[in-house]
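I have placed the structure first, in the form of structure tokens, so that the comments after it can refer back to it.
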Amino acid sequence: MTKTTALAEIATAAGDPARACMLNALMDGRALTAAELARVAGITAQTASGHLSRLTVAGLLSVQKQGRHRYHRLASPAVARMLESIMEVAVAAQPRKAFTGPRDAAMRAGRTCYDHLAGTLGVSIADALVTRGHIELAADAGIVTESGVALLQRMGIDLEARGKRTRRLLCRPCLDWSERRPHIAGAVGSALCTHCFDAGWIRRVEGTRAVKVTPKGERHFREIFGIGSV
């Protein structure tokens, strides 16, 4: 298969409305069953099965068997980056007034982008880390400075240990589709997101990949990053 043919196959696989809906549902990094994804897309289980097979063959999804169930998740962070980029283009092509619903407002305020934080919250954290010299971001990569390593260690995030467990870039920018500025991805972005959930600083908004900052989180985001209410 040529690169052009592969590109067309991936675009076609992701372009169907039902399949796009299921891909978006997996953008928070979770693994879901065919039945759960069928409900999200508003289609029958049989129809969902065909769509999921198409997405798996195209390399967009991976499948994990556990007991009687088969769980579907995005095949890689690269797939999540592709979907986030498509969303950026989609938003730019539509009038801003179209994004007025409460769910959209919550998504813009804070959400998960695969395994890291995005939206106003994610971009604010990135801005704070860069401004305070903890991280240096270039167009396609990032560096965690000594002060950044120290800050993350004080938060309980061991970058050295994570580096031994993953081949992912330690830190890189990911252009945010709603803010049009970068948030932090890579192993550092993943670690920050996991820490925020584990520490009770954020919680998921049911039925979406939006996240809400808790009162405890507001205090810590203000003390550590200088971030006010999001």
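The values are calculated or read from the model by the stated rules, or taken from the named source; none is laboratory data. Computed from a predicted model, the values in this text were never measured in an experiment. Cβ placement follows ideal geometry from the backbone for every residue including glycine, while neighbour counts extend to all protein chains displayed.
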> Take the residues of the range 205-226 that are touching a Ser or Thr at 6+ places or on another chain (Cβ under 8 Å) and of a type in the set (D, E, K, R): which is modelled with the lowest pLDDT?
Replying inline: R209
>> So the check is Cβ under 9 Å with 6+ separation or different chains; which pairs have a first residue in the range 142-153 that's among the β-branched types (V, I, T) and a second one that's in a helix (DSSP H, G or I) and surrounded by 21 or more Cβ atoms within 10 Å (Cβ to Cβ)?
In response: V144/L129; V144/L152; V144/V188
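Quick check, is G59 surrounded by 12 or more Cβ atoms within 10 Å (Cβ to Cβ), at pLDDT 90 or above, of a type in the set (G, A, S) and closer than 29 Å to H183 by Cα? I'd like the intermediate steps shown before the answer.
Details: surrounded by 12 or more Cβ atoms within 10 Å (Cβ to Cβ): yes; at pLDDT 90 or above: yes; of a type in the set (G, A, S): yes; closer than 29 Å to H183 by Cα: yes.
In short, yes.
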>> Quick check on my filter: what residues within the range 62-90 are surrounded by fewer than 13 Cβ atoms within 10 Å (Cβ to Cβ), among the basic types (K, R) and part of a strand (DSSP E or B)?
In response: K65
> Pick from the range 147-157 the residues that are under 19 Å from R172 (Cβ atoms) and out of contact with any Gly (no Cβ under 8 Å at 6 or more places or on another chain): which of them is surrounded by the most Cβ atoms within 10 Å (Cβ to Cβ)?
Replying inline: L152
